[in-house]
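The values are calculated or read from the model by the stated rules, or taken from the named source; none is laboratory data. Everything numeric here is computed off the predicted structure, so don't read it as measured data. Methodologically, a virtual Cβ is constructed for each residue, glycine included, from the backbone with ideal geometry; neighbour enumeration extends over all protein chains shown. These area figures cover heavy atoms from the full protein model, side chains too; ligands, DNA and RNA do not enter into them. Shrake-Rupley method; radii C 1.70, N 1.55, O 1.52, S 1.80 Å.
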Amino acid sequence: MEIQNLMHEIREDAIEKMEKKSPYDLAASWSGEDLLYSGVGNAIFIVLPTSGCAWALSGSGGCTMCSYVADSPLVDVEADVLVDIFKKCMAKHEIEKKTTVKMFVSGSFLNEAEVPKVARDEILGILKDEKHVEEVVVESRPEYVTEEVLKECSEALGNKLFEVGMGLETSNDYTRKYKINKGFTREDFEQAVQIIKKLQPEYNVHAKAYLFVKPILTSENAAIEEAVESARYAESVGASRISFCPATIHKGTLMELLWKQGSYQPPWIWSVIEIIKRVRSSVKIPVIMDTAAFGTRRGPYNCKKCNSKLKSMIIKSNLEQNIPKEFEDFECDCKERWVVDVKFSDVTRSTTNLNRRR
Ligand code: SF4
Ligand SMILES: [Zn+2]
């Protein structure tokens, strides 16, 4: 309960300081190359502003590393406004080859209190009629994954591939509860995956596990081990894909507070590479490593000389799903410092990196 009280306080404070913006100003979209279920294609990413993540706005205060609620107008967004924003975002992108559409609502797409059913149906109906859109990806907490909702979504989408990404974050229930304050268990995740699997193959629905690399109060070594273990677990319980999110410091979070005190650093990019190597050699489903904020002060970091080169290699390996030989051959002076951190971070029980200050 203590972490929830603390998170609640931090969240209230962050919300109070938030600059209030209209839903139209908070919307965003961009596109790029991505790995679809059928191979490399195009992806359109759309941020739809909704009333905000119900978990973050509850008495729990939400997750220790997440400030997505700051991307929400914190008032109900009418269904027709949401649909209008969606259409305006879609109109900015040419859709000429096979495409996946990924919608982020800074919470749960399947929660009708965040995305009203009528808006959900209309958005999915528009995507059903887009010839080159092959798949649609949304995010949701497991408690909103029900047979009824999945069937409704699949039907609205004309049974195109519908993937539900859930923020499992880790296979470790202790970490998820006490370090992340996620508010659900492995069992909840497994139940949601089971519901999705039960509907296959009649419905074209899939589960994706989002896994978080290096929660607070976790050493560099433990972060690597837990990430690898979590990927194996997610595959074993039926996820079709895995997406790793290495930690980035969001504003107004407990993670930011600890970072400012020098008690936390996001992972090394070397650690991320180690995770890719170990996971790709032991897990068969596609594994994507998110590289957002790599090489920035608040994101995963090695040194100025190698950050961007390694980031490009990781992006390429996401598309090819291989363990590039360049990972083995690549050398940089900073690697020795990473080796020391991994070796001694558990011994000292330090939550920071021993020799890394940016
Ligand atoms: S990580 Fe997801 S569930 Fe947690 S506060 Fe952020 S949006 Fe809500
Ligand atoms: Zn370096």
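Which order, highest average first, do 298-305, 44-51, 14-21 follow once you tally other Cβ atoms within 10 Å for each residue and take the mean per peptide? All intermediate terms of the calculation are to be shown ahead of the outcome.
On the way: 298-305: 18.4, 44-51: 23.1, 14-21: 12.6.
With the highest mean Cβ count within 10 Å placed first, the list reads 44-51, 298-305, 14-21.
Protection proxy ranking of 104-116, 322-334, by the mean of other Cβ atoms within 10 Å over each peptide's residues and highest first, is 104-116, 322-334. Counting only DSSP beta bridges whose two residues both lie in the chain, roughly 25 percent are antiparallel. Of all lysines in the structure, the ones whose alpha carbon falls short of 27 Å from that of K304, not counting any fewer than 8 places away in one chain, are K214, K251, K260, K277, K316, K325, K335, K343.
Separation of region 305-329 from region 89-129 is 31 Å, based on Cα centroids.
Across region 66-79, computed HN-Hα scalar couplings (Karplus, 6.51 cos²θ - 1.76 cosθ + 1.60, θ = phi - 60°) run 10, 10, 4, 4, 5, 8, 10, x, 6, 10, 4, 9, 4, 4 Hz from first to last residue, x flagging Gly and Pro. Rounded to the nearest 20, the Cβ-based charge dipole of region 88-201 about its Cα centre (Lys and Arg +1, Asp and Glu -1) stands at 340 debye.
For A28, nonlocal amide neighbours, meaning residues 5 or more places apart or on other chains whose placed amide H falls under 5 Å from its own, are V47. Restriction of the GluC sites (Glu not before Pro) in region 183-219 to DSSP coil positions whose beta-carbon has at most 16 other beta-carbons within 10 angstrom yields E202. With 16 Å as the cut-off, how large is the P(r) tail for region 196-236, expressed as percent of Cα-Cα pairs? So the portion of pairs separated by more than 16 Å is 50 percent.
Relative to the longest principal axis of the chain, what angle (0 to 90°, nearest 10) does the C-alpha long axis of helix 147-156 take? On a 0 to 90 degree scale, this one is about 70.
For the chain, set up a Gaussian network in which alpha carbons nearer than 10 Å are linked by springs, and say which option among T218, T296, T248 fluctuates the most. Comparing T218, T296, T248 in the GNM, the peak value goes to T296. Around the amide H of E139, modelled in the peptide plane, lie the amide H atoms of V105, F109, G165, all under 5 Å away and 5 or more residues distant in sequence or on another chain.
Going down the table (K131/K311; K20/K182; K131/K284; K151/K197), which pairs top 21 Å between alpha carbons?
Check vs 21 Å cut-off fails for K131/K311; K20/K182; K131/K284.
Per residue, region 2-344 exposes an accessible area of 42 Å² to a 1.4 Å probe, with every protein chain left in place.
Surface composition of region 57-113: carbon plus sulfur atoms contribute 50% of the solvent-accessible area (1.4 Å probe, protein chains only, all chains present).
Residues of region 87-112 falling in the label zone of D129, defined by backbone nitrogen less than 15 Å from a point 7 Å along Cα to beta-carbon, are 87-88, 90-91.
With q set to 0.14, 0.15 Å⁻¹, the log10 of I(q)/I(0) for region 2-344, from the Debye formula over equal scatterers at the Cα positions, is -1.22, -1.41. Per residue, the convex hull spanned by the alpha carbons of region 184-308 comes to 121 Å³.
What the Cα convex hull of region 144-251 gives, in volume per residue, is 106 Å³. For the chain, the longest principal axis of the alpha carbon atoms and the long axis of helix 117-128 meet at an angle near 90°.
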